[in-house]
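A.B. asks: Shown below is the structure under consideration.
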Amino acid sequence: MSAIQKSLAAARRLSKEVDQLHFGEPVTQVYNPLDYAWKAHEQYLRRMNPAGTRVLLLGMNPGPWGMAQTGVPFGQISAVRDWLDINAKINRPKNEHPKRPVEGLDCTRSEVSGERLWGLFRDRFASADKFFEQHFVANYCPLVFMEASGKNRTPDKLSAAERKPLDEACDAHLRALLQSLHPEVAVGIGAFAEKCLQRVIDDSSIKIARILHPSPASPAANRGWAEAASRQLVEAGVWEK
């Protein structure tokens, strides 16, 4: 089986496993883009190099205006539609928050993190095909958690009892992804993702690195994120100057 076929199987398995989990207050809605946006996510997975990748970049979980809308990690609308050339129909989650509707590629909101991340890759690589020759971006957790107010709740804010089965499913998926892709370097996009990589990777041949998370909630990211992330990737030996 190719890396694509293995990754598709692993994503389907993860989707089914996390759909069995339950989360209590203050979480009121949980979106699973691997379910309602599966066709777009499948298109994205098929962009990966079937022989594997040199660099795996890992994020935390979907944002409400990114992967929640597009099925693509850090999936800012124009990047997904115009650069990644993903055009599959996006369905709607079953229990939709009125303040966080899923409008797919018609969504007019833009996820800043995705705009920054994919914008950096678009500026550095001649095409998406060139990027995917040696790189792939994934998320650790596929779920979006929302509170009654519509506020996004990240996985690290869940209770320990809720985190345990979620982490077990996500760790197993990350291991499967690493085994499929055989990366030389695994890059955590932010501290949370780096810790997940450190916990899961027991192969000394895979180097672990980290870049600043592009979230606008980070003051450092708002002071030239692309330059900072590029510098960190160069210093880690992932990219050349």
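A.B. asks: Determine the pairs where a residue that is crowded, with 22+ Cβ neighbours inside 10 Å, located within region 76-90, has a partner that is charged (D, E, K, R) and part of a helix (DSSP H, G or I) with Cβ atoms under 6 Å apart, the partner being 6 or more residues away or on another chain.
C.D. replies: Q76/E115
Quick grid of which residues meet (1) closer than 30 Å to N95 by Cβ; (2) in contact with an Asp or Glu (Cβ under 9 Å, 6 or more places away or on another chain):
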site: R124; (1), (2): no, no
site: S127; (1), (2): no, no
site: N139; (1), (2): yes, no
site: M146; (1), (2): yes, no
site: N152; (1), (2): yes, no
site: R163; (1), (2): yes, yes
site: A172; (1), (2): yes, yes
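A.B. asks: A further question on this structure: Could you please let me know if G114 is under 21 Å from A229 (Cβ atoms), at pLDDT 95 or above, surrounded by 24 or more Cβ atoms within 10 Å (Cβ to Cβ) and not basic (K, R)?
C.D. replies: On the way: under 21 Å from A229 (Cβ atoms): yes; at pLDDT 95 or above: yes; surrounded by 24 or more Cβ atoms within 10 Å (Cβ to Cβ): yes; not basic (K, R): yes.
Considered against the rule, which asks whether it is under 21 Å from A229 (Cβ atoms), at pLDDT 95 or above, surrounded by 24 or more Cβ atoms within 10 Å (Cβ to Cβ) and not basic (K, R), G114 comes out as yes.
A.B. asks: Does region 29-52 contain any residue that is hydroxyl-bearing (S, T, Y), modelled with pLDDT of 95 or more and closer than 25 Å to R210 by Cα?
C.D. replies: Yes.
A.B. asks: Restricting attention to region 139-162, does a residue exist that is touching a Cys at 6+ places or on another chain (Cβ under 8 Å), more than 21 Å from T70 (Cα to Cα) and outside any helix (DSSP H, G or I)?
C.D. replies: No, that holds for no residue.
A.B. asks: Let me ask something else about it. Being buried (at least 20 other Cβ atoms within 10 Å of the Cβ), closer than 29 Å to E227 by Cα and over 15 Å from the mean Cα position of the chain (by Cα) is the filter here; which residues of region 122-172 pass it?
C.D. replies: F131
A.B. asks: Scan region 1-21 for residues that are touching a residue at least 24 places away in the same chain (Cβ under 8 Å) and assigned to a loop (DSSP other than H, G, I, E, B) and jot them down.
C.D. replies: Passing the criteria: S2, L21.
A.B. asks: Something else: Of all residues in region 30-49 being within 24 Å of P98 (Cβ to Cβ), in a helix (DSSP H, G or I) and aromatic (F, W, Y), which is farthest from the chain's Cα centre (by Cα)?
C.D. replies: Going through the qualifying residues, I end up with Y36.
Table: residues versus (1) in contact (Cβ under 8 Å) with a residue 60 or more places away in the chain; (2) among the polar types (S, T, N, Q); (3) under 30 Å from R175 (Cβ atoms).
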| residue | (1), (2), (3) |
| --- | --- |
| K94 | no, no, yes |
| H97 | yes, no, no |
| C107 | no, no, no |
| G119 | yes, no, no |
| F131 | no, no, yes |
| V137 | yes, no, yes |
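A.B. asks: Still on this structure: Within region 200-238, which residues are among the hydrophobic types (A, V, I, L, M, F, W, C), free of Cβ contacts under 8 Å to residues at least 40 places away in the same chain and assigned to a loop (DSSP other than H, G, I, E, B)?
C.D. replies: I201, I206, L212, A217, A220
A.B. asks: Here's another thing I want to ask about it. Can you find even one residue in region 60-72 that is assigned to a helix (DSSP H, G or I) and either of a type in the set (D, E) or surrounded by fewer than 22 Cβ atoms within 10 Å (Cβ to Cβ) (or both)?
C.D. replies: Looking through region 60-72, none of the residues is assigned to a helix (DSSP H, G or I) and either of a type in the set (D, E) or surrounded by fewer than 22 Cβ atoms within 10 Å (Cβ to Cβ) (or both).
A.B. asks: Let me spell it out: the conditions are (1) of a type outside the set (D, E, K, R); (2) under 13 Å from the mean Cα position of the chain (by Cα); (3) within 20 Å of F192 (Cβ to Cβ), and V18 meets all of them except one. Which number is the exception?
C.D. replies: Answer for V18: the failing condition is (2).
A.B. asks: Next question, about the same structure. Does A169 meet the test of being among the hydrophobic types (A, V, I, L, M, F, W, C), in contact (Cβ under 8 Å) with a residue 40 or more places away in the chain, within 21 Å of A9 (Cα to Cα) and part of a helix (DSSP H, G or I)?
C.D. replies: For A169, the condition - among the hydrophobic types (A, V, I, L, M, F, W, C), in contact (Cβ under 8 Å) with a residue 40 or more places away in the chain, within 21 Å of A9 (Cα to Cα) and part of a helix (DSSP H, G or I) - is met.
The values are calculated or read from the model by the stated rules, or taken from the named source; none is laboratory data. Remember, predicted model here, so these are calculated numbers, not experimental data. Cβ coordinates were reconstructed from backbone atoms using ideal geometry, including for glycine residues, and neighbour counts include every protein chain displayed.
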